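Have a look at the structure below, then the notes.
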Amino acid sequence: MHLAVHAAFHRFDGGPLMLLDFATLAETADALDLPALWDRAAREGWDRHAALCVHAADRWTMSGTAEALACPVTVPEEMLSDVPTLIGKPLDVRESDIAAAKLARKDIGVGEKLRRVLIRRERYDSLSDYGRWVGGELRNTFAKGAKPDARMRHDAIARLDDWLLA
């Protein structure tokens, strides 16, 4: 659960190592109670997170992960096709990509988006530090958001968020 939720929730910011984690997990599948695992995943709402990780590992490690872990969730091709874009994000754009994707979400109103920005204030020791963070996020979001590769990542992040929440 931790691997799946962490990888998908953080939009694969941890990079491709998670593919190997799931391929390795599949090698020990006979030691797992797979029906109980997938029942719990569905009950707790992380079944799509796990399925995306399992199917991505299956595709890019050619390990038979999805079959070995008896994954009951079908993952749309578009989600799997987006994984390399998400895994390959440059380190310096991760935060601004996530901020831009969150700003673009249509299921969250402007008030909620503003609340989320304001609540980040408590992470900073001073108002000037917080102001620099807000200014930097806005600058990065708008400057990098205009580039085609950034738009592609933002779209992939938005699709991932929508699919995980569906």
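The values are calculated or read from the model by the stated rules, or taken from the named source; none is laboratory data. For clarity, every value in this text was computed on a predicted model and none was experimentally measured. Heads up, the Cβs are rebuilt from the backbone with ideal geometry, glycines too, and the neighbour counts pull from every protein chain shown. For the accessible areas, the whole protein counts, side chains as well, though only heavy atoms, and no ligand, DNA or RNA atoms are used. Shrake-Rupley method; radii C 1.70, N 1.55, O 1.52, S 1.80 Å.
Here is a list: A150, A158. Which entry is at pLDDT 80 or above and open to solvent by less than 40 Å² (accessible area, probe 1.4 Å)?
A158
Please work out if T85 is among the hydroxyl-bearing types (S, T, Y), in contact with a helix residue (DSSP H, G or I) (Cβ under 8 Å, 6 or more places away or on another chain) and either in contact (Cβ under 8 Å) with a residue 12 or more places away in the chain or open to solvent by 60 Å² or more (accessible area, probe 1.4 Å) (or both). Working first, answer last.
Values: among the hydroxyl-bearing types (S, T, Y): yes; in contact with a helix residue (DSSP H, G or I) (Cβ under 8 Å, 6 or more places away or on another chain): yes; either in contact (Cβ under 8 Å) with a residue 12 or more places away in the chain or open to solvent by 60 Å² or more (accessible area, probe 1.4 Å) (or both): yes.
Yes; evaluated as a whole, the condition is true for this residue.
Mind checking which pairs have a first residue in segment 8-21 that is of a type outside the set (K, R) and a second that is loosely packed, with under 14 Cβ neighbours inside 10 Å and not in a helix (DSSP H, G or I), Cβ under 9 Å, 6 or more apart or different chains?
Cβ pairs passing all conditions: F12/G88; G15/G88; P16/G88.
Within the set of pairs 6 or more residues apart or between chains, which connect a residue that is at negative phi and in contact (Cβ under 8 Å) with a residue 12 or more places away in the chain inside segment 44-55 to a residue that is of a type in the set (S, T, N, Q) and surrounded by fewer than 21 Cβ atoms within 10 Å (Cβ to Cβ) with Cβ atoms less than 8 Å apart?
Close Cβ pairs (under 8 Å, with a partner that is of a type in the set (S, T, N, Q) and surrounded by fewer than 21 Cβ atoms within 10 Å (Cβ to Cβ)) amount to A51/T74.
Among (1) open to solvent by 50 Å² or more (accessible area, probe 1.4 Å); (2) at pLDDT 70 or above; (3) assigned to a helix (DSSP H, G or I), there is one condition D125 misses while meeting the rest; what is its number?
Here D125 meets the rest and fails (3).
For F12, indicate whether it is assigned to a helix (DSSP H, G or I), within 26 Å of P84 (Cβ to Cβ) and either touching a strand residue (DSSP E or B) at 6+ places or on another chain (Cβ under 7 Å) or open to solvent by less than 60 Å² (accessible area, probe 1.4 Å) (or both).
Criteria not met by F12.
Regarding A4, is this residue open to solvent by less than 20 Å² (accessible area, probe 1.4 Å), in contact with a His (Cβ under 7 Å, 6 or more places away or on another chain), under 20 Å from D155 (Cβ atoms) and at pLDDT below 90?
No: the conditions fail for A4.
So which residues in segment 26-59 are under 20 Å from the mean Cα position of the chain (by Cα), aliphatic (A, V, I, L, M) and open to solvent by 10 Å² or more (accessible area, probe 1.4 Å)?
Residue satisfying the conditions is A42 alone.
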